[in-house]
Each structure stands twice: as structure tokens, then as C-alpha cells.
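One structure is given here, and the rest of the page talks about it.
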Amino acid sequence: MAKPPVKLETWLVVAGRPEEAGSPLNPPIVPASNFLRGAGRTYAREEGNPTWEAFETVVGGLEGGRALAFSSGMAAAAAVFGLLPEGSLVVLPTDCYQGVVSLAKEGASRGRWRLVRLPLEDTAAWQRAARQADLLWLESISNPLLQVTDLVAIAQAPRKAGGLLAVDNTLATPLNLRPLELGADLVLHSATKLLGGHSDLLLGALVARDAGVWTRLKKARTLHGATPGVLEAFLALRGLRTLAVRLERAERTAAFLAEKLAAHPQVERVFYPGLPSHPSHEVARRLLKGYGTVVSFVVRGGAGQAEEALARLRLIRHATSLGGVESTMERRASVPGQEHLPPGLLRLSVGLEAPEDLWTELEKALG
Ligand code: PLP
């Protein structure tokens, strides 16, 4: 599997740029569905578009496989589930992004596959499941409890012939973990989040290790029309150019805030894989280069107190989603499908504001 000839931080700056003399430094936005007949591509939904391809080149190199851009992270996830033959066995973590859980449950309720949920920390159960599963779905850092999977142990366990191990790498990013290198078959990104980094687009990506799997996914994208917009691909690539510096800064702030929150009397519990108190800390230390930019914590007093804290926010935006330059926070149990979470659990996506300002804001919000 090709690792770029330079460091990943360099690759994401230099890759996917035009080479011809006199061309712009950045790949231009090519708003084209249709191309002149002759040699080469004829129609974008089938053969792609140069603007998506620049983004795919960069993401593919970062993850060490071949990438395909989709209209959203969920479109990418749906393409993976669409590969499954009738009656497949799908295994999903108990802590998992709720959109993917809904997608898996919907297919299961229609009898398209059987769905089993396993706790991320039960590595042995995942290893056993690998022998029977058609799709093992993991999150490198889970959303929202920020658990870290022992991906090395799970990827090395014998898998059913044709069974796929897919890893949603949205929260870790390839700068912290490269699942294909460890033996996964597929990586998914909601590029809407950290890759794009500015909360101004929806975009997804899949990266496959195997050319055959990539071809099947490309066919799925063509048939279902889950293609990205050119502006989104352009903006996501522009966002990617600064991923390394954004990530480094936000991770440092996240670690600072996680420690402060853990010592705050109004906070019952903090979930951050960089804290020694987090159940996944040992695995995270072994696998991850950095611990990510999201901190979840439980406010004493439950939903009411957590909602009051949200109402007091000024700098941090009370909003869903994560991975933008601006910090956002929400009470996850208020999101449909997430009612199983502690009612007072707040998920904070840390942005690029001054750490001290964010802490002052959190202290005020906690009261
Ligand atoms: N995976 C994770 C971990 C997410 O947090 C999300 C969105 O919140 C998705 C996938 C879905 O991505 P999108 O919203 O781009 O469809």
C-alpha cells in the first residue's frame, strides 16, 4: 500500500495540484457534467470530475489506498452497506455515530442483513465476530464516547472470506491513525468534519485497499448518483491543506480543556482518550498519534443543568456536528436515536479559539 514519498503533512499541501506550466497552483473548479466525446471521460457521474479527483488524490494518499468522493459521509456509508449480499451479518459498535446506526437498523428491519452490536472495548468478541461477519464496522475514535478500538488486534484476526472491515476514521483523521495500514479494508470519512474543517460543506469519502472493492464502490456511486458537488470538493481540498496545523492546535486545546473539566466540581465525568482515566487510554496511547479534537463530559444534575450550560454559551456555538474551526457543543441525548446516552452528556468539538477563552467560557457556562 503506497505511503506518499513525503510526510503526510507535506502530502496534504503538495498533492493534487496541476503540473503544466502556466496552470494555476490550485486545481480549478470544473463545473462540468458533460465532456467532449473522444478520448477520456464523457460524463461526470460515471467517470468523475477533475475537481473531485484532486480531492481523491490527496485523501487516497493520506490513507494509503484509492479514494472516492461522495455527496456526504452517509452517502459513502450507504455505498458500503449496498455492497452486502442479502442475509449478511453486520457488526456495529454499541457506541457509534447515530446516522450509521439508523442506516444499519433500517436495513435489518427490512430483512436485508442481520445486525449485531458489540462494545468497542471487547476486542475478543470482535475477533470472534470477524470469522462470521460480512461487514465489521468500527470507528477509530467513537462518536460520542470517544472510545478507541484495538484495531491492530481486530484487523489481524481471521476474517470470513469476502468479509469487509470498514473503519470510520472521521474523528481520528489519517494524521493520527491509518487503518488500511493496520489491515482494514475500507476507510470512511465524513469530510464534512475535520477534513473540510470549516462547517461549510457536506462531503464524504471512502478509501479502499483493494482495487476490486474500489471498482464495486465506484459502480455503486455511479448507479445511485451519490456524487459530490464541485464547489464542495474544492472547498474540502482547500480545508485539507491546513488539516495538520488545525489538528495540532485543536488537539492541544482539547487536552487542556479535558484536564480542566476533569477537575471541575460541576463535571461528573470526562471522556477524552488522552486522559489516563478514559477506559481506552492504553489502546489510544498505543495506536494514535494524537487524541482528537472532541471532548465529551457529563454535567452534574443531568439534562436540565446541561441545557442551562448550553444556554449560557457565547463563544462556543450551540450546534451539532464537529470538526470546524469554531468550537461547537451539544447535548447528545437530545438528538433522536441517542437517548441511551447519559442525559447530561455534552459533546464539545474543540476549534481554534484561544484555549484560555474557551476555558473561561466553559467555567461560566458550568456556573
Ligand atoms: N461518521 C461520523 C463519525 C459522523 O460524525 C458523521 C456525521 O456527523 C458521519 C459519519 C456522517 O457524515 P455526513 O454528515 O457527512 O453525512
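Any read-out appearing in this document is the output of simple, stated calculations on the displayed coordinates, not a laboratory observation. Quick caveat: nothing in here was measured; it's all calculated off a predicted structure. All Cβ positions, even for glycine, are placed from backbone atoms using ideal geometry, and neighbour counts span all protein chains on display.
Exposure here means at most 12 other Cβ atoms within 10 Å; with GluC sites (Glu not before Pro) in a DSSP loop as sites, the longest stretch of the chain lacking them is 87-338. Put a plus charge on the Cβ of each Lys and Arg, a minus charge on the Cβ of each Asp and Glu, and nothing anywhere else: the dipole of region 213-297 about its Cα centre is then about 500 debye.
Helix 98-109 axis versus longest C-alpha principal axis of the chain: approximately 70°, rounded to the nearest ten.
Here's the picture: charge each Lys and Arg Cβ at +1 and each Asp and Glu Cβ at -1 in the chain, and of LEU8, ALA124, GLY301 the one pushed furthest to the positive end of that dipole is ALA124. When the trypsin sites (Lys or Arg not before Pro) in region 292-336 are filtered for DSSP coil states and for at most 12 other beta-carbon atoms within 10 Å of their beta-carbon, the remaining sites are ARG314.
Classified by the C-alpha gyration tensor, region 115-238 has an oblate form. Its axis ratio a/c, with a ≥ b ≥ c, is 1.5 or above, and a/b does not exceed b/c.
Loop-located trypsin sites (Lys or Arg not before Pro) across region 100-134 with a Cβ neighbour count of 14 or fewer within 10 Å are ARG110, ARG131, with loop assigned by DSSP.
Where only DSSP H runs of four or more residues are counted, the chain gives -11000 deg cm²/dmol as its mean residue ellipticity at 222 nm, each run worth -39500 (n - 2.57).
Look at where the Cα atoms of region 201-221 and of region 63-125 average out, and the two centres are 14 Å apart.
For region 53-137, the dipole from Cβ point charges (+1 on Lys and Arg, -1 on Asp and Glu) about the Cα centre works out to 380 debye, to the nearest 20. This model, with +1 at the C-beta of Lys and Arg and -1 at the C-beta of Asp and Glu, gives the chain a dipole about its Cα centre of some 700 debye. Multiplying the residue separation of ASP200 and GLU106 by 0.36 nm and removing their Cα-Cα distance gives an extension gain of 31.0 nm. Considering only GLN98, SER280, PRO355, the residue lying farthest towards the positive end of the dipole of the chain is GLN98, judged by Cα position with unit charges set on Cβ. Of the trypsin sites (Lys or Arg not before Pro) in region 8-86, the ones in a loop by DSSP (not H, G, I, E or B) with at most 12 other beta carbons within 10 Å are ARG37. For the listed residue pairs LYS105/LYS219; LYS105/LYS193; LYS7/LYS219; LYS105/LYS218; LYS105/LYS160; LYS3/LYS218, the alpha carbons are over 26 angstrom apart in LYS7/LYS219.
What is the diffusion coefficient of the chain in µm²/s, taking the Kirkwood radius over Cα pairs and the Stokes-Einstein relation at 10 °C with a viscosity of 1.306 mPa s? D, rounded to a whole number, is 76 µm²/s.
Potential lengthening of the chain between ARG128 and LYS219 amounts to 29.6 nm, from the contour at 0.36 nm per residue minus the alpha-carbon distance.
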